[in-house]
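The values are calculated or read from the model by the stated rules, or taken from the named source; none is laboratory data. All values reported here derive from a predicted model rather than from experimental measurement. No Cβ is skipped: glycine too gets one built from the backbone with ideal geometry, and neighbour counts run over all protein chains shown. Each accessible area value is taken on the protein alone, full model and side chains, heavy atoms only, with ligands, DNA and RNA left out. Shrake-Rupley method; radii C 1.70, N 1.55, O 1.52, S 1.80 Å.
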Amino acid sequence: MMRYFYTYRPHHLLCSNGQQTLGVGLPWAIAANLVQEPPCSRKVVSISGDGGFMFTSQELATAVQQGCNITHFIWNDSAYNMVEFQEEAKYGRSSGIRLGGVDFVKFADAFGAKGFRVSNAAELESVMETALAVEGVAIVDVQIDYSRSIELISHIIPKDFR
């Protein structure tokens with residue numbers, strides 16, 4: 001993500017920089033929204049994987065109750081992908097990384113947020129526009145296929161360092 005996301009204004013980006021700080025995306029977005037003057041006056045966008053999101057997903061209640069203006073994108077592959085990615089790179093296999101299927105659209109609706117889903121690349125732009133236009137809390141479930149991650153890492157990190 002950080003290879004392609006640019007910000008040109010100070011104090012406008014929070015990133016754990018690949019440290020696998022699971023669960024920080026939504027709480028950071030809430031905090032960033034609440035410290036604005038006036039609170040929740042501008043849209044905050046946050047992104048996490050499905051595993052990381054589930055660490056603190058109950059904070060959707062806080063976001064809705066506080067009147068936050070957040071669009072949170074969930075990259076959903078039904079697994080702890082960064083753990084899987086590293087296990088496969090180091091050990092040639094993964095273990096204990098599969099998550100149960102969560103319907104994040106219904107989950108968002110249950111908390112009083114708006115839920116959206118992107119199932120293929122053709123839907124991405126229109127769903128993003130719709131979700132970003134929501135005044136309040138929106139969750140976007142983006143179905144992701146990470147099946148080529150090992151191939152990609154071979155071009156980025158030499159085998160000796162994995």
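Some observations on this one:
- Value of relative contact order over the chain, rounded to a whole percent, pairs C-alpha under 8 Å and six or more apart: 21
- Solvent accessible area, Å² - residue 145, 1.4 Å probe, full protein context: 120
- Per-residue extension of 0.36 nm, minus the Cα-Cα distance of residue 15 and residue 62, leaves a gain of 14.8 nm for this segment.
- Paramagnetic reach from residue 132 (point 7 Å along Cα→Cβ, amide N under 18 Å) across the stretch 13-45: 13-14, 29, 33, 41-45
- Cleavage-rule hits (chymotrypsin sites (Phe, Trp or Tyr not before Pro)) in the stretch 1-77: DSSP loop, at most 10 neighbouring Cβ within 10 angstrom: 4, 5, 6, 8
- Heavy-atom surface analysis with a 1.4 Å probe gives the chain a carbon and sulfur content of 56 percent of its accessible area.
- Computed on the Cα trace of the chain, the radius of gyration divided by the Kirkwood hydrodynamic radius gives Rg/Rh = 0.98.
- Applying the criteria of a DSSP loop state and at most 14 other Cβ atoms within 10 Å to the trypsin sites (Lys or Arg not before Pro) of the stretch 3-74 yields 3, 42.
- Cβ-based charge dipole, the chain, positive-most Cα from 62, 10, 39: 10
- 0 to 90° range, to nearest 10: angle between helix 25-34 axis and the chain longest Cα axis: 30
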